[in-house]
Amino acid sequence: MKPKNLELIHHSFEIQAPNFNSESMNFTAADYLNYTISSVEPGKTDIMLEVAAGTCACGCAFAPHLQTAVCLDTTTAMLQIGRQAAQDKHLDNMVFVKGNAEELPFLDDSFDILLSRLAFHHFIDP
């Protein structure tokens with residue numbers, strides 16, 4: 001079930017997207033991302049899904065350690081920023097999918113790692 005306020009969410013994050021990766025937002029802090037990677041210990045054959053990926057900061061950080069990083073977000077503008085970041089970093093093992101956490105468009109057992117951060121408050125029934 002999609003959130004009833006989905007259009008409001010899209011509008012809000014379309015406005016936030018251009019500055020979402022700025023240092024003032026702390027979403028892309030290297031220390032945080034490195035800590036997360038070392039805690040998860042991804043493998044080169046792992047496939048990861050980042051749910052509510054936003055601008056895909058985690059996906060971009062994890063991608064060099066994985067076979068594939070799939071970033072799912074409901075806001076196109078956020079995914080576009082993530083796609084550009086991946087291109088800038090020459091990360092060719094990333095996939096960007098528009099969708100929401102409540103209706104994942106994937107088969108069961110498709111991923112070795114599932115990651116979502118700073119987004120559970122947006123989910124209808126976490």
**Study point:** Total formal charge among the other residues, if their Cβ is under 13 angstrom from that of L66, Lys/Arg +1 and Asp/Glu -1
**Key:** -4
**Study point:** Label-point separation, H90 to E41 (7 Å along Cα→Cβ), nm
**Key:** 3.0 nm
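No value in this document is a laboratory result; all are computed from the given coordinates. Note that the coordinates shown come from a computational prediction; the quantities given were computed from them, not determined experimentally. Positions of Cβ are generated from backbone atoms using ideal geometry, with glycine treated the same way; all protein chains shown enter the neighbour counts.
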